[in-house]
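Below is one structure, written out as structure tokens; the observations come after it.
FYI, it's all coordinate maths here, none of it is from the lab. No experiment lies behind these values; they were computed from the predicted model shown. A quick note on method: Cβ atoms are made from the backbone with ideal geometry, for glycine too, and the neighbour counts reach across all protein chains shown.
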Amino acid sequence: MTLTIRTARAEDAAAAGPICEAAFRTIAGRHAFPPDFPSAEVATGLVAALIARDDVHAVVAEIDGRVVGSNFLWEGSSIAGVGPITVDPQVQDAGIGRRLMRAVLERAEARGAAGVRLLQAGYHMRSMSLYAKLGFDVREPLLTLQGPALNLEVPGRHVRPASERDLAACERLHVEVHGFERSAELRAAIRGETALVVEQVGEITGYATQLGFFGHALGRGNDDLKALIGAAPGFAGPGFMLPARNAELMRWCLAHGLRAVQPMTLMSRGLYQAPAGATLPSILF
């Protein structure tokens, strides 16, 4: 068996996509949790889109020329994000996941990333152990929340679609809360018409790229996040991630009919600053 890690090409999505769906479905099923992807077609579409992005470095693992796994490094800011990483269930436990992780970590180091972050399925102890061995620290326990759109307003907060003119204010807010910029994802969300901003007396106090698995949100306080969650037309994918230690916001979400569907863990390697505000991480960080 000859294992090779290489940069992904567009044609790799046809093999890597079904593997991505099968890997998540298999692991979730073993622990009686719902799968992350509803079908192989959805996973393949995501993998194809990630391979095509200029701000994502994609790698695949091959055994004797056959694709058996993939991983992705998001390079849109000084902090890099990892995922999704998946390995064909038929060849798991052979060190392929470790090799895929080392490939993107070496890439991040070569590019001078200040830190690398990822979200890990809280029920999957083997991935937790792997990431810890690779130098990642546990930073935050999270819950994925899902449910019907709330269609509610928070007094004193106004939510509207984000536009290009909001970029500078949102960038300043992200630096204020997290200590670094994250503009590439916000620009893409504005172009995709999923981004929202929340204002208090005409000042932007929070924003969301999307309320869902691949979206992140932040605000100066919980009322900003409540307004964004309340105004969201729905919660994309499996749902959005809520820091479980934010007990006040968690109780508010549960009281309004949202439900916790799975645990997640935010992990980091390198630079990390505890948020100076209220946050909802994406599946990356």
At 20 Å minimum axial length over the Cα atoms and a Kyte-Doolittle cut of -1.0, report the qualifying DSSP H helices in the chain, or say none.
-> 13-30, 96-110
Please give the FRET efficiency for residue 9 paired with residue 93, using the beta carbon to beta carbon distance and R0 = 25 Å, rounded to the nearest 0.05.
-> 0.40
Euclidean distance between Cα centres, segment 186-213 to segment 84-138, Å = 30 Å
Between residue 175 and residue 137, take the C-beta separation as r, use R0 = 22 Å, and let me know the FRET efficiency to the nearest 0.05.
-> 0.50
Relative to the present Cα-Cα distance, how much length would full extension add between residue 78 and residue 247 at 0.36 nm per residue of separation?
-> 57.9 nm
With a 10 Å Cβ neighbour count serving as the proxy for reagent exposure, in which order, fewest first, do 159, 177, 87 appear?
-> 177, 159, 87
Going by C-beta contacts inside 10 Å, put 74, 252 in order with the fewest on the left.
-> 252, 74
List 25, 98, 9 from most exposed to least, where exposure is judged by having the fewest other Cβ atoms within 10 Å.
-> 9, 98, 25
Theoretical ellipticity at 222 nm over the chain - DSSP helices of four or more residues, -39500 (n - 2.57) apiece, nearest 500 = -10500 deg cm²/dmol
Say a paramagnetic label sat at a point 7 Å from the Cα of residue 160, along Cα to Cβ; which residues of segment 201-240 have their backbone N under 11 Å from it?
-> 202-204
Binned at 5 Å from 0, what are the whole-percent values of the Cα-Cα distance distribution for the chain, short to long?
-> 1, 6, 13, 17, 19, 17, 13, 8, 4, 2, 1, 0, 0
Mind grabbing the base-10 log of I(q)/I(0) for segment 1-152 at q = 0.19 Å⁻¹? Debye formula, identical points on the C-alpha positions, no solvent, two decimal places.
-> -1.29
